[in-house]
Amino acid sequence: MKFNLSFVLLITFIKDIHGEHCEKGWPFPQDFLIGAASAAYQVEGGWNASGKGENNWDWFTHNKPWMIADQSNGDVACDSFHKYKKDVAIMKDIGFDFYRFSISWSRIFPTGFANDISKDGIKYYHDLIHELRSKGLEPFVTIYHWDHPQVLEQMGGWINEMMVDWFTDFSKIVFQEFGPKVKYFVTINEPSSFCYGGYGGTSKAPAWNLPLNAEYLCMHNVLKAHAKAYHMYYEKFRSTQNGIIGIALPCNHYFHKNEEDSITPDIAFQYDCGWMANPIFSKDGDYPKIMRERIDENSRIQGWPRSRLPKFTQTEVEYIRGTSDYFGLNHYTSYIAVPVQKEVNKGWANDRGFYQIVDPKWPVSASSWLRVVPEGFGGILRKITKEYGNTPIYVLENGYSDTGSLNDLDRINYYYSYLKEMLLAIKDGCNVKSYAAWSIMDNYEWTEGYNAHFGLLQVDFNDARRKRTYKNSAHWFKNLLQSRTLLPVQNCTNNN
Ligand code: PNW
């Protein structure tokens, strides 16, 4: 091992955290799984390697580079398509239990559809899974993390209900090929992020910015697609493959502005998280009541012949309800929810009747949307438990962005404070089974390009070899994984 400056700093730091002034550590529960996460378009590169087809993010970044903060794309990214063995060796060295990665749809179906399957595409994931398992890491496979064949986008993408069948065709091949070696599946990552950003807005491909709240139509199809893949897994694969399958939902936590307001944070939760979670995890299924009432009312006042929030039939409600073996939670930050006074005959502002602000005292990150609010992590874990009972919660993403320094103490502080809140929530009875750090390495942060660094490893994007270097947070995780104990940072650095 090379003894560079950051390593020496780390040793000093580890001595600090073991110093006599430190409070004692917090052990992780037995069998708790700790991993690291990534997604295909963000790390793989090899955008047209071995016959891969063009996907929506290839098309978007190549044709509308001005939509990306630094005009960049994921053509090469971290080059994990070629460097996966290195990535796995690093994760093995740090000591992670699992690696959460996603499958590139257009690598498997280069022309977009199931009648043309790429052997090379399939081989890449077989090789990656084999490499992981041979090193004792569990593959945690996300089937869809925002990239789909461009031809499907041309046909309407997630606004076209055919996407339900196309996604199921893709999932079937994923189960058939990789299922025998994979215990954990995620169907779809963060529906609200791409439904809002891609169809209702401009922050994700295809940035259609459609009227009529296209995000509602997108979500309707996503929920059906998720449920269909779940049922297929249960009917055709589960008895022989013995895996579990769920969905990853991005849920923020909401605080109130005024002490007396106990209602608005719950309404905000229903719009932010319940929109996706209620149809799957609640006792009765379907969208949250508050969304149904407010959006129906707004649609009526605005003169629409039907609600802009589509309706599930009762059969669909039952088909979707219960289709997840665990609650996959991606959590980064919190907001304060502020109610908007409703005026007579005016409807609910923004369909919601509230807006969100942050407390200026919450520390910032390199991403405008991400403030450091550790108590919100405990808050959302308790809220999910309260709303949806004892379903196991798998935390599938949590992390912090900065400008890329190797000495990333702010990231270590973030992980420490969030993990401590999680362990407290577990003590209070939240059934949390796993935790994944976002991300194993700096990567392509969608429309933020390469400006926001979430990695435990630094990647040199100016180096053709895409050299990976441990940040202090990677050393910190290695120490955590050896001891299986969360050791304090703040107290010790303050006291020494
Ligand atoms: C997630 N928010 O996106 C995605 O799953 C990752 O691909 C991404 O790199 C990572 O988080 C960091 O951004 C999010 O506004 C985007 O709360 C926005 C939010 C949360 C997650």
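The values are calculated or read from the model by the stated rules, or taken from the named source; none is laboratory data. Small disclaimer: the values here were computed from a predicted structure and weren't measured. All Cβ positions, even for glycine, are placed from backbone atoms using ideal geometry, and neighbour counts span all protein chains on display. These area figures cover heavy atoms from the full protein model, side chains too; ligands, DNA and RNA do not enter into them. Shrake-Rupley method; radii C 1.70, N 1.55, O 1.52, S 1.80 Å.
Structure summary
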quantity: With eigenvalues of the C-alpha gyration tensor scaled by 5 and rooted, the stretch 212-366, Å; calculated: 31, 22, 12
quantity: For Gly246, distant residues with modelled amide H under 5 Å away; calculated: Phe185, Val186, Thr187, Asp325
quantity: Cα gyration tensor shape of the stretch 320-430, rounded if a/c is under 1.5, else prolate or oblate by comparing a/b with b/c; calculated: oblate
quantity: Neighbour cut-off at most 14 other Cβ (10 Å), DSSP loop, trypsin sites (Lys or Arg not before Pro), the stretch 361-421; calculated: Lys361
quantity: The stretch 253-374, dipole about Cα centre (Lys/Arg Cβ +1, Asp/Glu Cβ -1), debye to the nearest 20; calculated: 340 debye
quantity: The chain, helix-only ellipticity at 222 nm - DSSP H runs n ≥ 4, -39,500 (n - 2.57), divided by all residues, nearest 500; calculated: -11500 deg cm²/dmol
quantity: Given charges at beta-carbon only (K, R positive; D, E negative), |dipole| of the chain in Debye; calculated: 760 debye
quantity: Lys pairs, the stretch 227-292 - Cα-Cα below 27 angstrom, 8 or more residues apart or on other chains; calculated: 5
quantity: Under 5 Å, built H, 5+ apart or other chain: amide partners of Ser401; calculated: Ala366, Ser367
quantity: Rounded to 5, percent antiparallel among DSSP beta bridges of the chain; calculated: 25 percent
quantity: Cα convex hull volume per residue for the stretch 357-496 (Å³); calculated: 142 Å³
quantity: The stretch 259-313 and the stretch 153-232: distance between their alpha carbon centers, rounded to Å; calculated: 20 Å
quantity: Cleavage-rule hits (GluC sites (Glu not before Pro)) in the stretch 203-296: DSSP loop, at most 15 neighbouring Cβ within 10 angstrom; calculated: Glu259, Glu260
quantity: Length-normalised contact order of the chain in % [C-alpha pairs under 8 Å, at least 6 apart]; calculated: 19 percent
quantity: Å² per residue, accessible surface of the stretch 187-269 at 1.4 Å; calculated: 37 Å²
quantity: Kirkwood hydrodynamic radius of the stretch 142-206, from inverse mean 1/r over distinct Cα pairs, in Å; calculated: 12.7 Å
quantity: Whole-percent carbon and sulfur share, accessible surface of the stretch 438-492, 1.4 Å; calculated: 42 percent
quantity: Centroid-to-centroid separation of the stretch 343-373 and the stretch 388-463 [C-alpha atoms, Å]; calculated: 22 Å
quantity: Solvent-accessible area, 1.4 Å probe, carbon plus sulfur percent, for the stretch 136-245; calculated: 50 percent
quantity: Distance cut-off 20 Å, percentage of C-alpha pairs in the stretch 281-341 lying past it; calculated: 50 percent
quantity: Quotient of Cα Rg and 2.2 N^0.38 Å for the stretch 426-496, N being how many residues it contains; calculated: 1.43
quantity: Set of aspartates and glutamates near Lys478 by C-alpha distance (under 13 Å), chain-local residues within fewer than 8 positions excluded; calculated: Asp93, Asp97
quantity: The chain - convex hull of the alpha-carbon atoms, volume per residue in Å³; calculated: 150 Å³
quantity: Cross-link pairs Lys64/Lys172; Lys83/Lys471; Lys383/Lys427; Lys204/Lys361; Lys172/Lys224; Lys83/Lys181 - those with Cα-Cα distance over 25 Å; calculated: Lys64/Lys172; Lys204/Lys361
